[in-house]
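Report on the following structure.
None of the figures in this text is laboratory data; all of them are computed from the coordinates on show. Here the structure is a predicted model, which is why all the values come from computation and not from measurement. Here the Cβ positions follow ideal geometry from the backbone for every residue, glycine too, while neighbour counts run over all protein chains shown.
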Amino acid sequence: MSLPDAGFWVTAGVVAHLLAAAAALLAAVWIGARRARFGPAGLPIVATLSLTALWSLASAAFGGDSIVAGAGEALQNLGWLVVVYRLFASDGRHASVGPIRPVVLALGIVEACHLGIDFLAWRLPLPGAGLALLFNLGVVFRLLGAVGGLVLVHNLFLGASPQARLALRWPASALAVLWAFNLNFYTIAYLGRDWPVELAGARGLSIVALAVLFTIGAAHGREALRLKPSRAMAFQTASLIVIGSYFLTMFAVAQWLAYAGGDFARLMQYGLLVAGSVVALFVLPSRRLRGWLKVTVSKHLFQHRYDYRAEWLRFTRTIGNAGDQAHPLEERVVQAVADIAESPAGLLLTPDDTGELVLAARWQWPTAEVPAVAMAGEAISFFEHKGFIIDLDDLRAGTDEAGEGRVVPAWLREETRAWALVPLIHYDRLTGVVVLARPAQARKFDWEDFDLLRVVGKQLASYLAEHAGQQALAEASRFDDFHRRIAFVMHDIKNLASQLSLLARNAEIHADKPAFRDDMLVTLRNSADKLNTLLARLSRYGAGSVDRLDDVPAANVARAVVDRYRGQAPVVLTEAQECTVRANRESLEQVLVHLIQNAIDASTTGTPVFLGLTSDGLNARFEVLDSGTGMSPEFVRTRLFKPFVSSKPNGFGIGAFEARELVRAMNGRLEVESREGLGSRFVVRLPLAAASDLLKSFANDRQKVA
């Protein structure tokens, strides 16, 4: 099939220029009544559109290479330079940007030189070489004019404020279309040493596009014409473009090989088919590649990264997902933050009763090794005062903007998957910190990430605070019920103790047989003592009080507790360093017995439970370790130390609570680390007798300073 001849392109050019003349003239009339919308540039735009219409008519009537068309083109280019200058004046930058005037003046001189060269070529009888020289010189001046115009448009738009860009985008786009087309047109003319007749016919279409863009800029409701695709639509469109480009490339290569012909071409076709299939099957479905494409599309095609409506709807669905099958609130909090940052996993750290951050929940991150004290108490003060979102990659690289380096513990620095820390703050009080895991395609956080995560963090903090308040009310209600019940129990036991005491006294007086009398007295007195001891223990439930603190040999206590289970259960004393603690021996034995018994109950029959005793110079450390069923972070945080909550049938659920309160009453600390399916470790820390006075003096000094 043969290509159209030159006559066809000339006819097409005439039609295109006539359309351009009509479009420019209609735009001039339309904008003339609305020129105030362009500010100082309104009148120059109307005048230059009229000049452009005249140039299009001259090009259609006399040809694009005629002296009349050349003069009209130079005049319209001068007019567009005036328009650009007046657009700079619309926000005052014609005065603040000094080089604008010299550039506009220089481009005006270039257009004048272009007009002069056209006049010389028209008037002087020059030989062929002279005409070629003038042609090339004229094309060079026109190239300079097109390049200079594009530079002005570029600075006009990018140097404007965000508000000014809304008004400048349409006229800037119109002028960019005009001068970009001219740049390509004159570049081809210079390289080909002649006017490209095919492109010359299409010049009128660039004027039509220019007139349409200026008309849109002057129209009412032009903000509604702004393209605002959703993130999902843009990502899917980009994916389709990539796939389409891939197929077009394969088609073009295959056509080229088919044109080359021969057996080698067929071999290359089959090879490209196999290689393309491999790429499509293994590279395009890659999670990393999809993540990179999504980040790139979001970065370059959106004024904002987030579709806030979609993010809010997803956030609401995640938090509001209630029911028997739903995850606990703490896990849903982590998921809500992780979804926003496209993180695959996360942890929630919350303040405990001692003012330190501990693990409260995991979401899809079972391998993270979190110590019993995840973050020290000073981290709470830091987050409450700064509200700072910590990028752990920046911290590892040495960046420490707000002193976050001193509050981030070593285990978080060493955990390579840890990516960021997002505080959850409610009324200037920290309710938790979310640790986000690194996504497959990690990126740097920017202002939009920080703003959105702060807002979401405050909302989640309010949910956690409300949940904690509801739990506190429920616990208080259960305590009231327990107090009412125990009051009746204590009353009945007191009556029984009184009756037994009276019986013992009567038996002393009235018994006939001395042997019976002695046995009865021993039995009754023992019963009375046991009942009184029970009463004393019931009185201490929930108070965690101890009678007095003495210097107690810790190793003796550990051995005595292990001896209790000799022949009953495999309890192994792994280590027992000789040290003396300030404690109550009976209460300490009660705590250790409870912890060991719980470990035995959680382990399979015959599995050993280990007890160890070490000293670190200030505290003695009793460690009870088992390899039983373990506990989830949610159970440890919300149920283990809650009274009246028990995982055992017919259990009171008060043992762990009482053990912790007894340890606190002895100025100690009870810590727990557990993993479901792996076992648990309970650690009782008590101050050494030698360090007890020193620690007490430090506490008194701190209270005085406070």
Exercise. What net charge is computed for the residues neighbouring Arg429, neighbours being all others with C-beta under 12 Å from the C-beta of Arg429, Lys and Arg scored +1, Asp and Glu -1?
Worked result: -1
Problem set entry | Where only alpha carbons of region 308-467 are counted, the Rg and the Dmax (Å) | 14.6, 46
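Using only the C-alpha atoms of region 550-705, find the volume of their convex hull and express it per residue in Å³. Intermediate values should be presented prior to the final figure.
On the way: hull volume 19.2 nm³, N = 156.
Hull volume over Cα atoms, normalised by residue count, gives 123 Å³.
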Exercise. Across region 365-372, in residue order, what do the Karplus-derived ³J(HN,Hα) couplings come to in whole Hz, using 6.51 cos²θ - 1.76 cosθ + 1.60 with θ = phi - 60° and x for Gly and Pro?
Worked result: 9, x, 8, 5, 8, 9, x, 4
Problem set entry | Exposure proxy ranking, count of Cβ atoms within 10 Å, fewest first, for Asp451, Asp626 | Asp451, Asp626
Exercise. Between region 464-479 and region 7-39, what's the alpha-carbon centroid distance in Å?
Worked result: 74 Å
Exercise. Using alpha-carbon positions, what is the distance between the centroids of region 577-593 and region 356-383, in Å?
Worked result: 29 Å
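Which net charge results for the neighbourhood of Asn77, defined as the other residues with beta-carbon distances under 9 angstrom from its beta-carbon, given Lys and Arg at +1 and Asp and Glu at -1?
Numbers: positive: Arg142; negative: Glu73, Glu111.
So the surrounding residues net to -1.
What ranking do Ile216, Ile109 get, fewest neighbouring Cβ atoms within 10 angstrom at the top?
Details: Ile216 16, Ile109 10.
Fewest to most other Cβ atoms nearby, the residues stand as Ile109, Ile216.
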For this session: For a footprinting-style exposure proxy, rank Glu73, Glu475, Glu578, Glu634 by other Cβ within 10 Å, fewest first.
Result: Glu578, Glu475, Glu634, Glu73
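Excluding Asn182 itself, what net charge comes from residues whose Cβ is under 13 Å from its Cβ, given Lys and Arg +1 and Asp and Glu -1?
Values: positive: Arg142, Arg203; negative: Glu73, Glu111.
Neighbour charge sum, excluding Asn182 itself: 0.
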